[in-house]
Amino acid sequence: MSKIISIVVPCYNEEAALKYTIPQLLKIFDDLVGQGKISSESFVLCVDDGSRDKTWEEIAKLHEKDNRVKGITLAHNRGHQYALLSGLMEVKDKCDAAVSIDADLQDDPLAIVQMVEEFLNGKEIVYGVRASRSTDTWFKRTTARCFYKFQASMGLQTIYDHADYRLMSSRALEILSQYGESNLFLRGIIPQIGLDTAIVKYDRHERVAGESKYPLKKMLAFSVDGITSFSARPMRMIFFVGLTLLLIDILVALYVLIAYFGDTAIAGWPSIMLSVWFLGSLILMAIGIVGEYIGKIFVEVKARPRFNIKSTIW
Ligand code: UDP
Ligand code: MG
């Protein structure tokens with residue numbers, strides 16, 4: 001039986017973009033259905049993330065024209081990650097695979113064809129990866145590179161140059177649904193799902209209409225959120241800073257003793273110097289140790305699945 005594919009589109013104030021985006025997505029369905037690759041029941045789900053403009057009316061209009069266009073609307077603006085998750089959870093039991101794509105056509109929708117191809121060949125997660133960043137400004141390009149490097153150094157593993165343009169099989173979505181965490185950073189969670197994956201390269205374009213909802217401030221917050229949702233490494237670093245200071249203490253102690261015995265030290269200065277340095281490093285190490293335990297609690301409260309079975313022979 002041919003597979004039902006859904007496309008989930010998070011939309012925040014996208015009334016201007018949807019009328020370009022949705023017909024393109026439906027056209028891709030038409031082609032794939034025509035080639036007998038996917039089911040004609042495949043559909044597009046628009047998630048209105050509490051938009052302030054006429055996005056919801058636009059979705060309703062598009063649904064009137066073609067009932068393969070479905071919609072849900074969130075009560076509040078919850079941000080891209082939550083809008084996307086709500087859509088994915090909505091379609092999880094209604095399709096065989098779901099593709100997530102932004103509403104602004106920045107990610108070339110034609111890559112969906114290759115994603116579906118990979119899915120039909122048995123891949124469970126197919127990541128859309130940008131072939132180049134030539135359309136980005138120098139600033140965006142450089143900050144993005146720095147983010148990836150910084151994140152990796154902080155213990156957050158992500159797929160390089162992959163945003164949230166991807167295909168997930170219903171099985172991968174089922175596993176995703178077991179991640180109950182509130183601080184959502186899908187780009188970190190999905191590589192943890194494992195299973196068979198593939199990468200599809202695509203070109204990223206300018207927005208088709210409207211403007212970006214992700215200014216630098218939001219991007220920075222997003223990156224910090226990603227790191228702190230995945231790694232206790234920043235806390236562990238406190239311990240090592242304390243330890244390093246303790247080693248520096250030896251040099252300071254040497255210097256203080258030389259001054260003391262060389263009679264160049266004012267009375268009281270050596271004892272204050274030594275205790276400030278020594279106590280400072282001890283306090284930092286103690287905070288680091290507390291951090292280790294908090295790190296454990298942090299992993300426990302997330303209650304992430306402890307394993308995902310890839311395949312079985314029974
Ligand atoms: N978006 C959303 N909720 C928000 C902000 C953005 O659902 O609070 C959607 C937006 O409509 C778009 C996608 O997330 O489909 C990516 O946003 P945008 O294109 O503005 O980000 P950029 O591509 O500039 O990083
Ligand atoms: Mg965009």
Check your understanding: For the chain, with the dipole built from +1 on Lys and Arg beta-carbon atoms and -1 on Asp and Glu ones, taken about the Cα centre, which of Gly295, Leu247, Val113 lies farthest toward the positive end?
Key -> Leu247
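Going from most exposed to least, what order do Ile266, Ile125, Ile287 have by accessible area with a 1.4 Å probe? Kindly include the intermediate steps, with their values, before the conclusion.
On the way: Ile266 130, Ile125 0, Ile287 80 Å².
The most accessible residue leads, giving Ile266, Ile287, Ile125.
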Review point. Tally Lys and Arg at +1 and Asp and Glu at -1 over the other residues with C-beta under 10 Å from the C-beta of Glu57: what net charge comes out?
Key: -2
**Study point:** Nearby lysines by direct alpha-carbon distance to Lys140 (threshold 29 angstrom, same-chain neighbours under 8 apart not counted)
**Key:** Lys19, Lys149, Lys201, Lys213, Lys217, Lys218
Study note, to complete from the structure: Summed over the other residues with a beta carbon less than 14 angstrom from that of Leu216, with K and R at +1 and D and E at -1, the charge totals +3
Check your understanding: Are there any helices in the chain, counted as whole DSSP H runs, that stretch 24 Å or more along their axis by Cα and score at least -0.5 on average by Kyte-Doolittle, and if so which?
Key -> 15-34, 233-261, 269-302
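Whole number in Å², please: accessible area per residue of segment 145-257, 1.4 Å probe, ligands, DNA and RNA not counted.
On the way: 5800 Å² over 113 residues.
Computed with neighbouring chains in place, this is 51 Å² per residue.
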Check your understanding: Between segment 36-64 and segment 94-116, how many Å separate their Cα centres?
Key -> 14
Exercise for review: Just tell me which lysines come within less than 16 Å, Cα to Cα, of Lys3; anything on the same chain fewer than 8 places away is out.
Suggested key: Lys37, Lys92, Lys94, Lys123
Point to revise | the chain: most fluctuating residue of Ser134, Ser275, Ser170 per GNM, C-alpha cutoff 10 Å | key: Ser275
Revision key, fill the gap. Here the net charge surrounding Asp30, from other residues whose Cβ is less than 12 Å away from its Cβ (Lys, Arg +1; Asp, Glu -1), is +1
Point to revise | Nonlocal amide H pairs with Ser42, under 5 Å, H built at 1.01 Å | key: Ile5
Point to revise | Accessible surface, per residue, of segment 59-122 when the full set of protein chains is kept, probe 1.4 Å, Å² | key: 46
Revision key, fill the gap. Phi angles of segment 163-177, converted by Karplus (6.51 cos²θ - 1.76 cosθ + 1.60, θ = phi - 60°) into ³J(HN,Hα) in whole Hz with x for Gly and Pro, give 9, 10, 8, 7, 10, 10, 6, 4, 5, 5, 5, 4, 5, 4, 5
Review point. Cα-based Rg (one decimal) and Dmax (whole number) for the chain, in Å?
Key: 25.7, 93
Revision key, fill the gap. Checked against the positive end of the charge dipole of the chain (+1 on Cβ of Lys and Arg, -1 on Cβ of Asp and Glu, about the Cα centre), the farthest of Ala209, Met1, Phe307 is Phe307
Revision key, fill the gap. Whole-Å distance linking the alpha carbon centroid of segment 214-246 with that of segment 155-170 is 21
Revision key, fill the gap. Projected onto the charge dipole of the chain (unit charges on the beta-carbon of Lys, Arg, Asp and Glu, signs +1, +1, -1, -1), the Cα from Gln178, Met235, Ala221 with the largest positive-side position is that of Met235
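In whole percent, how big is the carbon plus sulfur part of the accessible area of the chain, probe 1.4 Å, protein atoms only? It would help to have the intermediate numbers written out before the result.
Values: 10490 of 17020 Å².
Carbon and sulfur together cover 62 percent of it.
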Point to revise | Heavy-atom accessible area ranking, 1.4 Å probe, most first, across Trp138, Trp314, Trp277 | key: Trp314, Trp138, Trp277
Exercise for review: Amide H neighbours of Asp102 under 5 Å, at least 5 residues apart or on other chains, H built in the peptide plane: list them.
Suggested key: Asp107
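Note down the magnitude of the dipole of the chain about its Cα centre, charges +1 on Lys and Arg C-beta and -1 on Asp and Glu C-beta and zero elsewhere, to the nearest 20 debye. Walk me through the intermediate numbers first.
Values: 36 positive and 36 negative charges, 83 e Å.
So the dipole magnitude of the chain works out to roughly 400 debye.
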Practice item. Rank these by accessible area, largest first, 1.4 Å probe: Val91, Val276. Key: Val276, Val91
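With an 8 Å Cα cut-off and a minimum separation of 6 or more residues, compute the relative contact order for segment 73-203 in percent. Working shown, then result.
Working: 155 pairs, mean separation 52.9, N = 131.
This gives 40 percent for segment 73-203.
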Revision key, fill the gap. The set of residues whose placed amide H lies less than 5 Å from the amide H of Gly71, leaving out same-chain residues fewer than 5 positions away, is Cys46
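The values are calculated or read from the model by the stated rules, or taken from the named source; none is laboratory data. Please read all numbers here as calculations on a predicted model, not as lab measurements. Methodologically, a virtual Cβ is constructed for each residue, glycine included, from the backbone with ideal geometry; neighbour enumeration extends over all protein chains shown. Just so you know, the surface numbers come from the protein's heavy atoms only, side chains and all, with ligands and any DNA or RNA stripped out. Shrake-Rupley method; radii C 1.70, N 1.55, O 1.52, S 1.80 Å.
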